[in-house]
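These notes concern the structure reproduced below.
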Amino acid sequence: MMEQEIKPLAADAPNVLEVSHISKSFGAVTALVDVSLKVKRGEVLALVGDNGAGKSTLIKILSGFHQPDTGKILSNGEETRFASPRDARARGIETVYQDLALIGDLSIYHNMFLGREQRKRFLGLNLLDNKKMRTLSRTYLDTLGIHIPDVNNTVDLLSGGQRQCVAVARSIYSSPSILILDEPLAALGVRESAHVLGLIQNLRRQREVSVIMIVHNYNQIFEVCDRINFLHAGEIVLDASTSETTEEELIRVVKSGLGKNAISAAASAAEGRATLPHH
Ligand SMILES: Nc1ncnc2c1ncn2[C@@H]1O[C@H](COP(=O)(O)OP(=O)(O)OP(=O)(O)O)[C@@H](O)[C@H]1O
Ligand SMILES: [Mg+2]
């Protein structure tokens, strides 16, 4: 699946989402400082950084969960304000949060269609089409290679990894124009991770849906992402294309904790066998 050619982004692909000079504090904690980021149509952008760097806060702003203290958000070139996640969803932005947002005592298939329930008319009544939602959920999960025996079970019977799979499946199948994933692979097994990465690679091949994903495993970034933004202490200190950067360079920058233009500085720094940082 992975070896098929990925065509480069069109030079004239428009920015579908852009934030400029965003800052955000929580009381005395400064989570983001003057952050600017953009993503083009069809582009897959990786957001990386240490724990507490501000990654989740940034995507919560992009998805309407938080409002920035300062700065602007442009959606398809138009200045906008997302008052809520619902607002952002209405603009085609679908988000899987790190702290998931599934409803534990609802069935798996109801969770898959939360806020987007399938309905049918019966004897003049507008009813939930449970049969259709059940069948579609089954199909979606099977297509993703996610093994869940019974979609009628409630979500609180699932393991952490299975829950994450359901959340990712739900977002991927809701036809977003921008898909935002906060550590989608964190709780997934090897097989499930490969499926999710395969799906992202498929989206990338079509170059229509944009993806912003927080990932910690640099291997995976270079496999499926076009560009990397590295957040350090609330600031984006590196914006690099994966085709012009190597995994070793990225690791060196992350380890050195250097600021802007870190790549070239780090490249000339002392040699040393780079290893993946654990966190
Ligand atoms: N709702 C909140 N209230 C107060 N402080 C917060 C809140 N959300 C985040 N923070 C703080 O903002 C900073 C950035 O947190 P954030 O969750 O964005 O980090 P992160 O990069 O996603 O980290 P991780 O890799 O651990 O998920 C942290 O210091 C965190 O404690
Ligand atoms: Mg986070």
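Please treat every number below as a calculation from the coordinates, not as lab data. Quick caveat: nothing in here was measured; it's all calculated off a predicted structure. Neighbour counts are summed over all protein chains in view; Cβ atoms, including those assigned to glycine, are modelled from backbone coordinates with ideal geometry.
What relative contact order, as a whole-number percentage, does the chain give when Cα pairs under 8 Å and 6 or more residues apart are counted?
Working: 487 pairs, mean separation 65.5, N = 279.
Relative contact order of the chain: 23 percent.
Which whole-number percent is the relative contact order of segment 98-175 (Cα, under 8 Å, 6+ apart)?
Result for segment 98-175 is 40 percent.
Give me Rg over Rh for the chain, both radii from the alpha carbons and Rh done the Kirkwood way, two decimal places.
Reported Rg/Rh, Kirkwood definition of Rh: 0.99.
Would you calculate a helix-derived [θ] at 222 nm for the chain, using -39,500 (n - 2.57) for each DSSP H run of n ≥ 4 and dividing by the full residue count, to the nearest 500?
Estimated from H runs of four or more residues: -9000 deg cm²/dmol.
Just how large is the dipole of segment 49-166 about the Cα centre, in debye to the nearest 20, putting +1 at every Lys and Arg Cβ and -1 at every Asp and Glu Cβ? Don't jump to the answer; show the numbers that get you there.
Values: 16 positive and 13 negative charges, 107 e Å.
Roughly 520 debye, rounded to the nearest 20.
Which of the aspartates and glutamates could a cross-linker bridge to Lys132, judged by Cα under 12 Å and excluding same-chain residues fewer than eight apart?
Straight-distance partners of Lys132: Glu117.
Of the options Tyr140, Val254, Thr57, report the single residue whose Cα projects farthest towards the positive end of the charge dipole of the chain (beta-carbon charges: Lys, Arg +1; Asp, Glu -1).
Of Tyr140, Val254, Thr57, it is Tyr140.
Report the net charge of residues surrounding Ser107, where surrounding means a beta-carbon distance below 10 angstrom and charges are Lys +1, Arg +1, Asp -1, Glu -1.
Values: positive: Arg134; negative: Asp105, Asp150.
Around Ser107, the charge tally is -1.
Calculate, in nm to one decimal, what Asn152 and Ala28 gain on full extension: separation in residues at 0.36 nm each, minus their alpha carbon distance. Each step should come with its number before you reach the end.
Numbers: separation 124, 0.36 × 124 = 44.64 nm, distance 4.48 nm.
Net length gain for the segment: 40.2 nm.
For segment 51-82 and segment 28-42, what is the separation of their Cα centres, given in Å?
7
How big, on average over all directions, is the shadow cast by the Cα convex hull of segment 98-175, in nm²?
For segment 98-175, averaging the hull's shadow over all directions gives 5.4 nm².
Order of 142-148, 194-200 by packing, highest average Cβ count within 10 Å first?
194-200, 142-148
Of all DSSP beta bridges located in the chain, what percent are antiparallel, nearest 5?
Within the chain, antiparallel bridges account for around 60 percent of the total.
From the mean inverse distance of alpha carbon pairs (Kirkwood) and the Cα radius of gyration, derive Rg over Rh for segment 127-226.
Ratio value, two decimals: 0.97.
Cα axis of helix 130-143 to longest principal axis of the chain: angle in degrees, 0 to 90, nearest 10?
With rounding to tens, the tilt is 40 degrees.
In a GNM of the chain with a 10 Å cut-off on Cα contacts, which of Gly27, Gly161, Gly49 has the highest mean-square fluctuation?
Of Gly27, Gly161, Gly49, the most mobile in the Gaussian network model is Gly27.
I'd like the Karplus ³J(HN,Hα) series for segment 179-186: coefficients 6.51, -1.76, 1.60, θ = phi - 60°, whole numbers in Hz, and an x wherever there's a Gly or Pro.
Running phi through 6.51 cos²θ - 1.76 cosθ + 1.60 with θ = phi - 60° gives 10, 10, 10, 8, 6, x, 9, 4 Hz.
Taking 0.36 nm per intervening residue step and subtracting the Cα-Cα distance, what contour gain separates Ser20 from Glu247 on full extension? Write down the numbers at each step before the final one.
On the way: separation 227, 0.36 × 227 = 81.72 nm, distance 2.73 nm.
Residue separation times 0.36 nm, minus the Cα-Cα distance, leaves 79.0 nm.
How much net charge surrounds Leu127 when only the other residues with a Cβ under 12 Å from the Cβ of Leu127 are counted, with Lys and Arg +1 and Asp and Glu -1?
Net of charged neighbours comes to +3.
Report, ordered by chain and residue number, the lysines lying within cross-link reach of Lys72, taken as a straight Cα distance under 26 Å and ignoring same-chain residues fewer than 8 apart.
Lys24, Lys38, Lys40, Lys55, Lys60, Lys260
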